[in-house]
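Asks: Okay, here's the structure, questions in a sec.
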Amino acid sequence: MTDVRYWVWLQLGLGAEADLKEILSFFDSPKDVYDSSVLEWAVCKGISPAKLDRLSETSLEDADGVINECHQNGWDIIPYDDERYPAQLREIQRPPAVLYVSGDINCLTDRLCIAAVGTRKASAYAMKAARYLAKGLAQCGAVIISGGALGVDSAAHEGALEAGGKTVAVLGCGLKAEYLRANQKLRDTIVETGGALVTEYPPDVRADRTTFPQRNRIISGLSRGVIVVEAAAKSGSLITAEYARKQGRDIFAIPASILDPAFQGTNKLIDEGAFVATNPRAVLSRYTDEYYTLDISKAESMYQLSASRLGANAPEKKQLTFDTVNENRASDNALNEKAAALIGVNRSVYDALGDGMKTPDEIEEITGASNRKILTALTVLEVQGLVCKAEGDRYSKV
């Protein structure tokens with residue numbers, strides 16, 4: 001492995017999103033670049049004329065300053081040839097020469113990584129959807145990747161943390177830069193719970209209008225799939241989706257009203273063939289054959305999530321009185337009315353449950369309906385409060 005000094009020197013000299021693979025195909029190593037002349041640099045297609053002066057003005061002492069600052073703050077420096085460098089990131093067209101990391105980047109190793117991106121000024125619907133999906137994905141063993149910003153990013157990180165899972169924030173600035181103080185506590189929690197903050201920018205680099213588009217390729221590059229939660233027609237999240245497309249990653253989008261301009265971008269992605277992300281299973285089902293550690297049965301349903309938020313999973317105990325008996329009867333009557341109103345596949349699935357617990361496959365044998373229709377019906381029945389889900393992907397009547 002090349003001395004980290006030369007990797008940091010190369011990163012400082014070339015800046016972000018350099019054509020690293022072209023450079024390493026021309027030179028043997030970053031040290032070889034350092035030992036070569038400006039004339040030799042000029043011959044390399046990966047080093048543009050605009051980069052020549054900057055590279056020649058960058059010294060090893062500059063690299064030493066960055067290395068010392070990282071060591072003093074407990075931050076890791078992970079160069080491209082380090083075994084800890086994420087394998088999936090090496091695949092992209094312009095991988096970072098160096099990653100600066102606060103936390104444990106090993107949480108990415110051999111784990112399904114799914115990115116969730118969207119606008120900073122997210123709607124209530126998008127915030128709930130991002131949190132719900134991230135929580136369900138993390139419960140099943142996936143790592144959630146996002147950008148550490150307000151809005152959808154925060155909701156995705158928080159959903160993963162709420163599930164006790166791991167999440168990684170890819171920053172558009174250096175680890176020491178003053179950025180979004182409102183999210184400092186969230187960033188600290190990500191690190192404290194075994195996740196990581198990752199950036200290709202040296203510690204003191206501040207965020208600007210160029211750094212966020214550049215970091216988006218890392219968000220998609222670290223991920224197997226990218227979920228676009230909310231994006232208008234010209235949203236920056238679509239840049240991440242385009243990177244994902246070029247990198248061969250799966251693209252998911254959350255469906256929303258065709259009349260809402262805030263979702264024109266996501267709806268367009270669906271029109272162009274993006275997978276529809278309506279629940280964690282819809283995402284995870286594509287990867288169960290690749291990642292055997294995933295446990296889809298742990299995905300929390302939307303109904304259970306809503307109940308948990310309302311405290312319904314731990315109801316206050318009431319003394320049994322005539323009033324509570326009447327309340328229970330009224331509740332039972334309401335459920336009976338909902339059940340009586342069921343039609344079509346929803347009715348067939350509900351009746352197939354009987355008085356016991358059944359899996360979707362067992363329901364399919366009874367009803368003859370397709371697995372997709374059965375899962376859709378079960379989701380509807382859960383939302384209506386008529387069905388609940390237990391461990392092992394089994395369902396029963398309430």
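Asks: From the list 386, 320, 381, 335, pick out the single residue that is outside the structural domain of residue 279 (by TED's automatic domain parsing), crowded, with 16+ Cβ neighbours inside 10 Å and modelled with pLDDT under 85.
Replies: Result: 381 is the single residue among 386, 320, 381, 335 that is outside the structural domain of residue 279 (by TED's automatic domain parsing), crowded, with 16+ Cβ neighbours inside 10 Å and modelled with pLDDT under 85.
Asks: Restricting attention to the range 371-393, does a residue exist that is acidic (Asp, Glu) and without any contact (Cβ under 8 Å) to a residue 60 or more places away in the chain?
Replies: No, that holds for no residue.
Asks: When residue 259 is evaluated against the numbered criteria (1) without any contact (Cβ under 8 Å) to a residue 12 or more places away in the chain; (2) under 21 Å from residue 279 (Cβ atoms), which criterion, by number, is the only one it fails?
Replies: Only one criterion is unmet by residue 259, namely (2).
Asks: Sticking with this structure for a sec: Tally time: how many residues in the range 121-131 are more than 15 Å from the chain's Cα centre (by Cα) and either surrounded by 24 or more Cβ atoms within 10 Å (Cβ to Cβ) or part of a loop (DSSP other than H, G, I, E, B) (or both)?
Replies: Within the range 121-131, residues that are more than 15 Å from the chain's Cα centre (by Cα) and either surrounded by 24 or more Cβ atoms within 10 Å (Cβ to Cβ) or part of a loop (DSSP other than H, G, I, E, B) (or both) number 3.
Asks: Moving on to the next point. Considering only the range 202-232, how many residues are among the hydroxyl-bearing types (Ser, Thr, Tyr) and farther than 30 Å from residue 164 by Cβ?
Replies: Adding up the residues that qualify gives 2.
Asks: Here is a list: 206, 217, 245. Which entry is surrounded by 20 or more Cβ atoms within 10 Å (Cβ to Cβ), basic (Lys, Arg) and assigned by TED's automatic domain parsing to the domain that holds residue 134?
Replies: On inspection, the qualifying residue turns out to be 217.
Asks: What helices (runs of 4 or more DSSP H) completely inside the range 1-70 contain at least 3 residues that are among the hydrophobic types (A, V, I, L, M, F, W, C) and exposed (fewer than 15 other Cβ atoms within 10 Å of the Cβ)?
Replies: It comes to 38-43.
Asks: Among the residues of the range 62-73, is any of a type in the set (Val, Ile, Thr), over 24 Å from residue 194 (Cβ atoms) and not assigned by TED's automatic domain parsing to the domain that holds residue 225?
Replies: Among the residues of the range 62-73, at least one is of a type in the set (Val, Ile, Thr), over 24 Å from residue 194 (Cβ atoms) and not assigned by TED's automatic domain parsing to the domain that holds residue 225, which makes the answer yes.
Asks: What number of residues within the range 189-236 satisfy the criterion of being among the basic types (Lys, Arg) and either closer than 17 Å to residue 145 by Cα or in contact with a Cys (Cβ under 8 Å, 6 or more places away or on another chain) (or both)?
Replies: The number of residues fulfilling the criteria is 4.
Asks: Please report, ordered by residue number, the strands (runs of 3 or more DSSP E) entirely within the range 160-261 with at least 1 residues that are more than 22 Å from residue 125 (Cα to Cα) and in contact with a Lys or Arg (Cβ under 8 Å, 6 or more places away or on another chain).
Replies: Where strands (runs of 3 or more DSSP E) fall fully within the range 160-261 and carry at least 1 residues being more than 22 Å from residue 125 (Cα to Cα) and in contact with a Lys or Arg (Cβ under 8 Å, 6 or more places away or on another chain), they are 167-170, 196-199, 250-253.
Asks: I would also like to ask the following. Could you tell me which residue of the range 274-287 is farthest from residue 389 (Cα to Cα), considering only residues that are touching a residue at least 12 places away in the same chain (Cβ under 8 Å) and not in a helix (DSSP H, G or I)?
Replies: Once the filter is applied, the top-ranked residue is 274.
Let's see how each residue does on (1) over 16 Å from the mean Cα position of the chain (by Cα); (2) modelled with pLDDT of 95 or more; (3) under 17 Å from residue 136 (Cβ atoms):
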residue: 205; (1), (2), (3): yes, yes, no
residue: 212; (1), (2), (3): yes, no, no
residue: 217; (1), (2), (3): no, yes, no
residue: 230; (1), (2), (3): no, yes, no
residue: 238; (1), (2), (3): no, yes, no
residue: 243; (1), (2), (3): no, yes, no
residue: 252; (1), (2), (3): no, yes, yes
residue: 292; (1), (2), (3): yes, no, no
residue: 295; (1), (2), (3): yes, no, yes
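The values are calculated or read from the model by the stated rules, or taken from the named source; none is laboratory data. Remember, predicted model here, so these are calculated numbers, not experimental data. Note that we place each Cβ from the backbone using ideal geometry, even for glycine, and neighbour counts take in every protein chain shown.
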